[in-house]
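Report on one structure; see the data block that follows.
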Amino acid sequence: MPFRDNTTLAQYLLAESRKNPDIGTDLVALILDASRACKLISKLVAQGALANVLGKAEGVNVQGEEQAKLDVMSDDTFRRSTEFGGHVCAVASEEQDDPVPVPQEYPRGDFLLLYDPLDGSSNIDVNVSVGSIFSVLRMPRPGEEPAIEDFLQPGTRQVAAGYAIYGPSTMLVLTVGNGVAGFTLHPLIGDFVLTHSNITVPEQTKEFAVNASNSRFWEPPVKRYVEECMAGTEGPRGKDFNMRWIASMVAEAHRILMRGGVFMYPRDTKKPLRPGRLRLMYEANPIAFIMEQAGGLASTGTERILEVTPTDLHQRIPLIFGSREEVERIEAYHRDGAIPKADTPLFNTRGLFRAAL
Ligand code: F6P
């Protein structure tokens, strides 16, 4: 394997902090702690059955979902890797009922860290890509005892967000509010090395990702969008689309960042009390921050994800993100069935597609 003497994650972050005084050394150190958690989880994931990490754990999480062993181990790894450094005052995890304040034996910092330690955990046992997602907020009441309310800030207040994908290679994709950068874990030196600078989402796409088995529960605007894609060259879009579904949001987000596309886990009527599948604080907000920083969009269909005011730490939300033009189109269908201006002349609301409205 050729040795790449490229910028490391630490060098990248220090360079960013020299450009922007809001990115202090505390934030740099916190992100490096989070990246260390990702390296450790990557090792666990890679060993699989050899390290006896596959299969279910005994508990269920706060959402009533069965936890996989790796969910529990990754959660523990994230907390332990980030509580010691003195940069956070509390963490909130998808796997924990309540926020966990940093124990008194360690100094507390001014950041709040939120994470989904292992996204896509239904894929662990079948050896398909999974990932970790994190989001960093400032503690609104520095020095005070952290409470749930401190975490309930809209996504626009995030100071950093990132994900690690444990795929054929392990990558960390990050934003500190100045574009999106991708780092590949170098197995020889154990560092995340900058391999993808200034990642941008292509504006147009021929690929969409959705769990189509839920189609009978979708709302009309989403039905319309998907039916138009499926109609291919003969339909109003005038081109053939591909459909992808990995059931690991991190992996879908990564594919979309690399080659465009749109991801939808829309509101549906399958579970009427549940407005969406994905969690606002651990999944939608960090991915939305990354998408917007890469020139894409993220929406509920009717609202920009980053402007949603959270009401609950474990709140679920409809999530649509990816290539700008596609997300705008889906939002337009939600608004009033309007057709975005930049449309092709082929588009019109013919009978077949109007039927889905
Ligand atoms: O939130 C968890 C998650 O596993 C996502 O990573 C993924 O997109 C989705 O749920 C998969 O949902 P389904 O099981 O409906 O395909």
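For this structure, a couple of remarks:
- Annotation note: Cβ proximity below 9 Å between a residue of the range 326-340 that is modelled with pLDDT of 95 or more and among the aromatic types (Phe, Trp, Tyr) and a residue that is open to solvent by 10 Å² or more (accessible area, probe 1.4 Å) and not in a helix (DSSP H, G or I) (sequence gap 6+ or interchain) occurs for 333/339; 333/357.
- Criterion (over 20 Å from the mean Cα position of the chain (by Cα) and either assigned by TED's automatic domain parsing to the domain that holds residue 43 or more than 16 Å from residue 32 (Cβ to Cβ) (or both)) met by exactly one of 108, 79, 138: 108
- Tally of residues being open to solvent by 80 Å² or more (accessible area, probe 1.4 Å) and out of contact with any helix residue (DSSP H, G or I) (no Cβ under 6 Å at 6 or more places or on another chain) across the range 259-276: 5
- Of the candidates 234, 219, 292, the single residue that is more than 14 Å from the ligand (Cβ to nearest atom) and more than 22 Å from residue 324 (Cβ to Cβ) is 234.
- Conditions (1) touching a residue at least 60 places away in the same chain (Cβ under 8 Å); (2) of a type outside the set (S, T, N, Q); (3) surrounded by 21 or more Cβ atoms within 10 Å (Cβ to Cβ): number failed by residue 297: (1)
- Scanning the range 159-190 for residues that are touching a helix residue (DSSP H, G or I) at 6+ places or on another chain (Cβ under 7 Å) and hydroxyl-bearing (Ser, Thr, Tyr) yields 163, 166, 170, 175.
The values are calculated or read from the model by the stated rules, or taken from the named source; none is laboratory data. In this text the structure is predicted, and so the values were computed from the model without any measurement. In this analysis, Cβ positions are derived from the backbone assuming ideal geometry, glycine residues included, and neighbour counts consider all displayed protein chains. Side chains are part of the model used for accessible areas, which takes the heavy atoms of the whole protein and leaves out ligands, DNA and RNA. Shrake-Rupley method; radii C 1.70, N 1.55, O 1.52, S 1.80 Å.
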